[in-house]
1. Less than 20 Å apart at the alpha-carbon level, and either on another chain or at least 8 residues along: which lysines does that give for residue A:96?
2. Quote the accessible area belonging to residue A:240 in square angstrom, nearest 10, computed with a 1.4 Å probe and with ligands, DNA and RNA left uncounted.
3. For peptide B:94-106, how many partner chain Cβ atoms fall within 10 Å of a residue's Cβ, on average?
4. Dipole magnitude of segment B:3-185 about its Cα centre, charges +1 at Lys/Arg Cβ and -1 at Asp/Glu Cβ only, in debye to the nearest 20?
5. Once R0 is set to 35 Å, what does the formula 1/(1 + (r/R0)^6) return for the Cβ-Cβ distance between residue A:191 and residue A:88, expressed as a FRET efficiency to the nearest 0.05?
6. Per residue of A:243-253, count partner chain C-beta atoms within 10 Å of its C-beta, then hand back the mean as an integer.
7. Please list, or write none, the lysines whose alpha carbon is within less than 19 Å of the alpha carbon of residue A:229, excluding same-chain residues fewer than 8 places away.
8. Over the protein assembly as shown, one equal point on each Cα, no solvent: what is log10 I(q)/I(0) by the Debye formula at q = 0.06, 0.07 Å⁻¹?
Amino acid sequence: MSSAKEEHKRPSTRILSIGREKCITGIEGLDSVLGGGIPRNNTVLLTGNCGTGKTSLSLEFLLHGAIEGENGLYLSVTEPFEKLIANMIPYDFFTKELIKTGKLTFIDMSAIYERFGFNRDRMSIEDVDLLVSAIGDLTRETKARRLVIDSITSVAYQVDSQEKLRNLLIGLSKALSGLGATSLIISELTAADASYSKYGVEEAIADGVILMGNLERNGDMLRTLQVIKMRGTSHSRAKYVLDLTTAGILLVPLLKGGS
Amino acid sequence: MDASAMVLKELKDVEPSTSTSLEISTEVYFDAVKGLMNLKDESKTQIVYIASTVPADAIINAMEMIGVDSDDVKFIDCISNMMTGQQGKYDNVIFIESPTMLENIMLKVEFLRRKSAARRSIVIIDSVNTLHIHNDWKIMGEFLHILVNNLRSRGSTTIILSIKEQQSPEVTTLLGLVSDRVVKIGGV
C-alpha cells in the first residue's frame, strides 16, 4: 500500500521560485500566484468573509507541510478540534497518522487561556505578552514549521485596545519568525468591513495579506482569492476563482469578459 | 460511412496539445456524439465531456440504447442543475450550477485531471453554441483561450463541438482563434 507521501504529488517542481526561500503551500495554484510559495518565516493574514474557504486553505497548508515532513500547529479559538476534523473536506491525501505521529497538532486556545489563568474578557498588557510567549513555547515544543491561528479576530475580542492588539501581532510575528515558522493568521471580515482586517492593525503588521471573498456575478456566487501583499516575493495581484475539492484547493483566473 | 464512423476516423489519431473544432449539422448530432464516445477505446486517454446542449443523463441513456458504453467517460453537466436542481443517478457525472459559471467548468476539468491516472485527457465541449446562448462572446473567448491553452500545456486535447445551423459570426471567429484544425461532418 502506498503512503500518503508517495501519493502526494509535489507541485513545486513545476514552479519557478524567485527571491527568498519559499514555504511551498502545496496548493498548486496558490504557489504559482506567489512565485513559488510563501517566503519562509512570513506571518500572513488570511482574511475574508465567512464561507470563503479560509479554514480549508489553512488546513491544507498544514497537511501538505506535514506530508513533506514539516510539523504543523493549528490553534483554534472558534471550533473544538473534533468538530474541525469532522467537518474537514475528506482530502485524498489526509491520514490520521499525521496527527498520531505528531506531524499535525491541534490545540484549543481555551486550554491556553485556562492554563495561564487569563481573564478572557479583558486581557492586560502582561496577559498579551504571556499569550505570545505561550504560543511561542507551543511552537517550539511541537517543532512546528507551519502555524495557523484561527482566528485572530476572536483573540482580539479579548484585547480592548489597538495598542495591545498591535503588541500581540508584533510579538507573535517576531516570535514565530524567530522560531522559523511560517504562519497563517486568520481574520474574519463582515460585509460591512471596509479594510482587509477587522481592526485595521492586522494588515499593516502582517508580512502578507491573502484576501478571500464571495463574488456575485449575475446571480452566480463564486469563491475568490487575491494576494494583496506578500513581502519577499514577486506575486500576482489578480483575482482567482477557487474550488474546495477532495483533491485540494483548485484555482483558475477570474474571467473578466472584456470588463 | 456514417457520421459516427467519420468522427472516429477524423479524431482517433488527434495529436496531444492540440485543439480541434468539430462542426456538425443538427441531424447528425447523436451520431457525432456516438463517434466521440468511441474515442475512449481508440485513444486510451481520459475523456472529459462537457455537456451543455443536452443533460449528461440524456446522453448516457441515448448511448445505452444504441449499445455504446459511456461508463469510462467523465461528464461535466452544465444544465441539469439549472433546469431542475436535481442531481442525476450516475457516478461519472459532475454537476455545475449554471452554464454561466465558466470558471467552474475549468475547475472541474482540473479536478478530473487530478483524479485521473491517465497522463493526458481529451476534453470535449458540447457545444460552443449552447454556451454562447448563456454567455457573452467576450467572456466565451476568454474562457476558451484559457481552457484550451491550459490543456495544451498539459499535453491534453480539446475538441470543440459546434452546430452549423446555430453558428453566429462571433462563434466562427472564436473557433478560428482557438482551433488548430476544423473538421466538418454531416453536410456542412
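1. Candidates past the 8-residue exclusion: A:5, A:9, A:83, A:143.
2. 40 Å²
3. 4
4. 600 debye
5. E(calc), rounded to 0.05, equals 0.85.
6. Counting other chains' Cβ atoms within 10 Å and averaging over A:243-253 gives 5.
7. Qualifying lysines at Cα under 19 Å: A:22, A:54, A:174, A:198, A:239.
8. -0.31, -0.41
The values are calculated or read from the model by the stated rules, or taken from the named source; none is laboratory data. In this text, all values refer to a predicted model and were calculated from it rather than measured experimentally. Note that we place each Cβ from the backbone using ideal geometry, even for glycine, and neighbour counts take in every protein chain shown. Ligands, DNA and RNA are stripped out before the accessible areas are found, and what is left, the full protein with its side chains, is counted by its heavy atoms. Shrake-Rupley method; radii C 1.70, N 1.55, O 1.52, S 1.80 Å.
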